[in-house]
Amino acid sequence: MNFDHSKALLVMGLRSAGVTDRDVMAAIESVPREIFVPPVLRHHAYSNVTLPIGHEQTLSQPGIVGIMTQALDLNDRLKVLEVGTGSGYQTTILARLARRVYTVERHKPLLQAAEARFEELKLRNITSKCGDGTLGWEAQNPFDRVIVTAAALDVPPILADQLTLGGVMVVPIGYDSEFQTILRVVRTENGFDTQELRDVRFVPLIPAEVGETG
Ligand code: SAH
């Protein structure tokens, strides 16, 4: 299948979703989204829609991936923590823009599939593990950027703690899918500055003790 035409349309659609950062657009354009999508849905790979990836989880719309990535204000000196690897699509975009990405996923089969994709794309600056991402990654603490790709009830405190001074976290807040909003949290000398970016719908962030992983 040739995706050139639908990919060009997608990139144009990103603009109307509010994605203006050229590096973010270029990263989205450079990543073959079709390899992150179940084979039967490949013809939808470049539609601006949320797609199922198994285990009741979803691959976010490219527009949302773009908005969240843009809000992180990445460059190649920064170390990023991602909570919720899912298909690995967002991870791959981050890896194109940051120095190193640490990513945590609670569902082992999803993580393994994502790791196979990182291998296929020869991405060498991603470190991944299976576990509860709300606990952060203590051995790699602190992070310049943190991105959570599942909706939390509130800003996860351990993740906020693992931000550098001046560090930025982007996290969707709210369990009820009707009332979720993406927050951009900046760590300052006096605490945290929080800004609401826009309303969204995400699957919930689940602490490890609530369900079995795998
Ligand atoms: N960013 C992903 C989509 C994520 S869907 C992509 O581009 O495909 C959200 C993911 O967060 C799911 O895979 C879900 O299993 C994972 N998740 C939810 N709670 C989590 C937790 N506490 N720790 C780690 N991963 C979690």
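Every residue, every condition in (1) of a type outside the set (A, V, I, L, M, F, W, C); (2) crowded, with 23+ Cβ neighbours inside 10 Å, yes or no:
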| site | (1), (2) |
| --- | --- |
| Asn2 | yes, no |
| Leu81 | no, yes |
| Arg100 | yes, no |
| Glu105 | yes, yes |
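Suppose we filter Asp161, Asp193, Asp144, Asp176 for residues that are modelled with pLDDT under 85 and more than 15 Å from Arg106 (Cα to Cα); which single one remains?
Asp176
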Some residue of region 39-58 being of a type in the set (Gly, Ala, Ser), in contact with a helix residue (DSSP H, G or I) (Cβ under 7 Å, 6 or more places away or on another chain) and within 19 Å of Leu183 (Cβ to Cβ): no
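From the list Thr58, Thr50, Thr69, Thr20, which one is among the polar types (S, T, N, Q), surrounded by fewer than 13 Cβ atoms within 10 Å (Cβ to Cβ) and in contact (Cβ under 8 Å) with a residue 24 or more places away in the chain? Write out each step before concluding.
Values: Thr58 fails: surrounded by fewer than 13 Cβ atoms within 10 Å (Cβ to Cβ); Thr50 fails: surrounded by fewer than 13 Cβ atoms within 10 Å (Cβ to Cβ); Thr69 fails: surrounded by fewer than 13 Cβ atoms within 10 Å (Cβ to Cβ).
Every option except Thr20 fails the conditions.
With the requirement that a residue be touching a Phe, Trp or Tyr at 6+ places or on another chain (Cβ under 8 Å) and either of a type outside the set (A, V, I, L, M, F, W, C) or in a helix (DSSP H, G or I) (or both), what does region 115-133 give you?
Selection gives Arg117, Thr127, Ser128, Lys129.
Give me a count of the residues in region 55-79 that are assigned to a strand (DSSP E or B) and within 9 Å of the ligand (Cβ to nearest atom).
Adding up the residues that qualify gives 3.
The values are calculated or read from the model by the stated rules, or taken from the named source; none is laboratory data. On a predicted model such as this, the values are computed, not experimentally measured, just so you know. Every residue, glycine as well, gets a Cβ built from its backbone with ideal geometry; the counts of neighbours run over all protein chains shown.
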